[in-house]
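The values are calculated or read from the model by the stated rules, or taken from the named source; none is laboratory data. Computed from a prediction, not measured in an experiment: that's the story for all the values here. All Cβ positions, even for glycine, are placed from backbone atoms using ideal geometry, and neighbour counts span all protein chains on display. Ligands, DNA and RNA are excluded from the accessible area calculation, which covers all protein heavy atoms including side chains. Shrake-Rupley method; radii C 1.70, N 1.55, O 1.52, S 1.80 Å.
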Amino acid sequence: MKIGAILPLTGKAASVGVSVRNGMVMAYQNLPPEVRRKLLIEFEDDASEVKQAVSAAQRLMSSAEIDLLLTVFSNTGNAVKPLAERHGMPYLS
């Protein structure tokens, strides 16, 4: 399974996005090795900007072959959700 995580890694909300990314990486590292081999996480920065989030979602869905799309904030999530739905992509916000 490959997760595409769109987070604000730069910009005004970077502290939140970096904390979420660090938590995801820590949780991933604590998984048993046999589970880690089956799970990949690809991070994209949206700087908490709608246009960047949509571009990141398009990039992840077209080239990264992800199985699940994840965002953090409602502004970017609301912009990405219709795109994910059109592509039949499971989505969490």
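Figures for the structure shown
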| item | result |
| --- | --- |
| Interchain or long-range residues, amide H under 5 Å from Leu68's placed H | Lys2, Gly4 |
| Relative contact order [Cα under 8 Å, 6+ residues apart], segment 1-55, whole percent | 53 |
| Within the accessible area of the chain (1.4 Å probe), percent carbon and sulfur | 55 |
| Listed values [x] 13.5, 42; [y] 12.5, 33; [z] 12.8, 37, entry calculated as Rg and Dmax of the Cα atoms in Å | [z] |
| Full-stretch length increase - Thr10, Gln58 - with 0.36 nm per residue and alpha-carbon distance subtracted | 15.4 nm |
| Spin-label zone in segment 43-69 - amide nitrogen under 20 Å from a point set 7 Å from the Cα of Asn75 along the C-beta vector | 44-58 |
| Reach of Lys2 by Cα under 25 Å, taken over lysines that are not fewer than 8 positions away in the same chain | Lys38, Lys51, Lys81 |
| Theoretical gain in end-to-end length, Val25 to Leu40 [0.36 nm per residue, Cα-Cα removed] | 4.4 nm |
| Magnitude of the charge dipole, segment 1-69, Cβ model with Lys/Arg +1 and Asp/Glu -1, debye to 20 | 120 |
| Normalised contact order of the chain, rounded percent, pairs of Cα under 8 Å and 6 or more residues apart | 36 |
